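**Q** One structure, as structure tokens, below. Some questions next.
The values are calculated or read from the model by the stated rules, or taken from the named source; none is laboratory data. Here the structure is a predicted model, which is why all the values come from computation and not from measurement. For neighbour counting, all protein chains shown are included, and Cβ atoms are generated from backbone atoms with ideal geometry for every residue, glycine included. Ligands, DNA and RNA are stripped out before the accessible areas are found, and what is left, the full protein with its side chains, is counted by its heavy atoms. Shrake-Rupley method; radii C 1.70, N 1.55, O 1.52, S 1.80 Å.
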Amino acid sequence: MRLGFCLCLFALVVQSPLGAQSAGPSDGAKTDSGQAEVSREKLSSRLPELPVWSPSDYEGVKKGEIVAGENFFGQVTVDPEATIEPPVVDLPEDVEPLPEQLDENELVLSSEQMAAYFRSAPEEPPGEVALLKDPQDLLSQQEFRDCASFLSYHSNESEIDIVLYLFDERQELPEEYNIDKVHQVYGELFKDSGPVVSVYFHLGAPNRAQLMMSPEIRAVIPQDEQERALRASIVEAFEKTDEALQLDSFLGELSTRLYWIERELEIAGLQEKIAGAQPVENFDVPESSREAGSFWIAARAGLVLLVGLGGLIVGVFAWRWSLRQRKYYFPEVDDERVFGAPHAAGAGAVVTFVDPHLPPSRQRHQEAELERWSDL
Amino acid sequence: MKCPRCVQRVHSRARECPHCAFSITDVDRVFGQDDVRLRTLTDAAGVLRRKERIALRGRLDQFQQNFPQLFFGIYFGSFKETPSLRQFGFWLLNRGAFEDVDVSRPNEGGILLSVDVGGKSAGITSGYALGPFLSEDATFGALSGAHPYFLEGQWLRASESVLSRVTKVLAKQSRRAEREANELRSHRENTGSSDGGLRGLRERHKGGRKKSEA
């Protein structure tokens, strides 16, 4: 059995390339030299011919007239007629076709389309405004629900509602639907809904967002503060790249800003006026009333601040006074005399203050003091 | 409690230190066995200005207002050969008769800050009444807080710092003692017996519980 296995193994070794090399050196040498010649021919056909030394060159090198390798470091001669063919690159085909260039007229929304934004839905209860207007279905259903849910949540938490009108990135609005005129033209929509902030938001272009507060807010809040709120919301939106997330960020920041605006309204004492229905026709707020309002805000804020500060100072003084007047008592302890001392034996810590570079713990005196007393 | 001389721990009611045989007679031999009359603020070294003395007296009076059983004394001296500030404080609080302290406040409720201006050391000694409430570590904490001022020779600020820290410690201890006393009182009222707390402790012990269950 073992003998048979060895014979088979030997036969395999003889047939293998290694075995072939070891078996016949003469045949292998022939094949090797033949392959080398073929490869040399191929190489020489690709390369330019090598220069040939002549006896005169040899003499020139010996005399120093010719320096070997001089051409490598000298100026390279360039063939002025040589041309370089550009490489052919196989570009992949466009997967998605480029968007068609829309005509400017197609970007402008028609009056019918715009009317859909300001048409009250039949399911809306009277006196309430749908907070999210997206008749073009620019948002997916999920995104629409999320956004509407946020606006509803904000509406529950805040006195100032946000009514959002969604448009596409490049869409233009007709002149008669300018946001400045919305409250004037469609005043009935917001008549019973209290203070409202209308927002035009172009999906994918937060910088085109526009904001208009209802007249009762504008009567108190200055224009630059309204613009600041809008700018901050736009900046917040640009933190995101996705269109829906941009909208989320925009609304989140706007909601926060409106909270502070609401606080200012409260301070101004206009909360009751806002709660009561004001005619939308009072669109233009006179400048004098705006100045008077801001004066009262400042006066009330100053008064509140003064009262608060006074209260704080009085409180601090009262607290300090009570601390000074407070009395602390200790329970009587058993009379345990030590060392025959009548009153005290509580030997506390002793610290030296000789070296400013050492901490107190290193200068704590805890050694026995026998030497001095042993002399006595 | 520690011995003022050998700084070894000593059990209560020991007539003399079991380690070095220290007793008050040893310090009496050095400083005298008669009472010495002094004020709560004694500037024997003459390091305080008049304004500083007035300010410091005000702080000491305030301390007495807050702690009706206690008083705080400060002694600035310059001891040429006295490395034992601890023994000096011990002697002074036992033999000192503080003129500006009411007789209702015995020296048992006294706290004495002794400062050796020449030897550059400071120590605190307290009376028997403060034994459970003012530990050695607490006094070290008070002295440590004032250490930078001592180093710079700002004696008023150093004294105020020590006083302030000791006040905080004692206020805390007083509140704690009051709370524990109230708890004990309410516990006694609930159990209706005077030794209920002790019995409770015994019953909570494992061996006791087993016995009571048996």
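**Q** Taking the simple approach of a point 7 Å from Cα along Cα-to-Cβ for both residue B:54 and residue A:181, what is their distance in nm?
**A** The two pseudo-label positions are separated by 8.2 nm.
**Q** Take every residue in peptide B:88-96, count the Cβ atoms of other chains within 10 Å of its Cβ, and give the average of those counts.
**A** 4
**Q** Given +1 on the Cβ of Lys and Arg, -1 on the Cβ of Asp and Glu, and no further charges, what dipole in debye does chain B carry about its Cα centre, rounded to the nearest 20?
**A** 740 debye
**Q** Still on this structure, please answer the following. If you build the Cα gyration tensor of segment B:71-117 and take the root of 5 times each eigenvalue, what three semi-axes come out, in whole angstrom, biggest first?
**A** With the √(5λ) rule applied to segment B:71-117, the semi-axes are 21, 10, 8 Å.
**Q** Highest first, please rank the peptides B:122-131, A:132-141 by the mean number of other Cβ atoms sitting within 10 Å of their residues. Intermediate values should be presented prior to the final figure.
**A** On the way: B:122-131: 26.2, A:132-141: 15.5.
Packing proxy ranking, top to bottom: B:122-131, A:132-141.
**Q** With a cap of 15 neighbouring Cβ atoms within 10 Å, and only residues DSSP puts in a loop, list the trypsin sites (Lys or Arg not before Pro) found in segment A:311-348.
**A** Within segment A:311-348, the qualifying trypsin sites (Lys or Arg not before Pro) (loop, at most 15 other Cβ atoms within 10 Å) are A:326, A:327, A:337.
**Q** Counting only other chains, what is the mean number of Cβ atoms within 10 angstrom of the Cβ of each residue in peptide A:321-334?
**A** Averaged over the peptide's residues, the number is 6.
**Q** To continue, here is another question. Using amide H atoms built in the peptide plane, which far-off residues or other-chain residues are under 5 Å from residue A:108 H to H?
**A** HN-HN under 5 Å from residue A:108: A:172.
**Q** If packing is taken as the average count of other Cβ atoms within 10 Å, what order do A:295-304, B:152-161, B:112-121, A:221-230 fall into, highest mean first? Don't skip to the answer; put the middle values down first.
**A** Values: A:295-304: 12.2, B:152-161: 18.1, B:112-121: 21.7, A:221-230: 15.1.
With the highest mean Cβ count within 10 Å placed first, the list reads B:112-121, B:152-161, A:221-230, A:295-304.
**Q** What is the mean number of Cβ atoms from other protein chains located within 10 Å of the Cβ atom of each residue in peptide B:59-65, rounded to a whole number?
**A** 1
**Q** So, one more: Compute the Cα gyration tensor for chain B, then decide on rounded, prolate or oblate, letting a ≥ b ≥ c be the square roots of its eigenvalues: rounded whenever a/c is under 1.5, prolate when a/b is larger than b/c in the other cases, and oblate in all that remain.
**A** Working: a/c = 2.38, a/b = 1.75, b/c = 1.36.
In terms of gyration-tensor shape, prolate.
**Q** Right, another one. Going by amide H atoms built from the backbone, whose H comes under 5 Å of the H on residue B:36, apart from near neighbours?
**A** B:96, B:97
**Q** Can you give me the long-range amide H partners of residue A:163? Hydrogens built in the peptide plane at 1.01 Å from N, cutoff under 5 Å, separation of 5 or more residues or another chain.
**A** Distant-sequence amide H within range of residue A:163: A:197, A:198, A:199.
**Q** Toward the positive end of the charge dipole of chain B, about the Cα centre and with charges on Cβ (Lys, Arg +1; Asp, Glu -1), which of B:112, B:129, B:62 goes farthest?
**A** Positive-most Cα among the choices belongs to B:129.
**Q** Follow-up. Under a Cβ-Cβ cut-off of 15 Å, what is the net charge of the residues other than residue B:11 that fall near it, where Lys and Arg count +1 and Asp and Glu count -1?
**A** Neighbour charge sum, excluding residue B:11 itself: +2.
**Q** Something else: In whole Hz, with x marking every Gly and Pro, tabulate ³J(HN,Hα) for segment A:258-268 from phi via Karplus 6.51 cos²θ - 1.76 cosθ + 1.60, θ = phi - 60°.
**A** In residue order, the calculated couplings are 5, 4, 5, 5, 4, 4, 5, 5, 5, 4, 5 Hz.
**Q** Cβ under 15 Å from residue A:54's Cβ, residue A:54 left aside: what net charge do those residues give with Lys, Arg +1 and Asp, Glu -1?
**A** -2
**Q** Hey, another quick one. What does the charge count around residue B:175 come to, taking other residues whose C-beta lies under 15 Å from its C-beta (Lys +1, Arg +1, Asp -1, Glu -1)? Provide the component values of the computation, followed by the final result.
**A** Details: positive: A:326, A:327, B:168, B:172, B:176, B:179; negative: B:178, B:180, B:183.
Its environment carries a net charge of +3.
**Q** Before we go on, tell me the buried accessible area for the B/A pair, both chains summed, 1.4 Å probe, in Å² to the nearest 100.
**A** Summing both sides, the interface buries roughly 5300 Å².
**Q** So which of B:120/B:168; A:327/B:80; A:133/A:240; B:2/B:168 end up more than 30 Å apart by C-alpha?
**A** Working: B:120/B:168 25 Å; A:327/B:80 40 Å; A:133/A:240 22 Å; B:2/B:168 23 Å.
In this structure, A:327/B:80 exceed 30 Å between Cα atoms.
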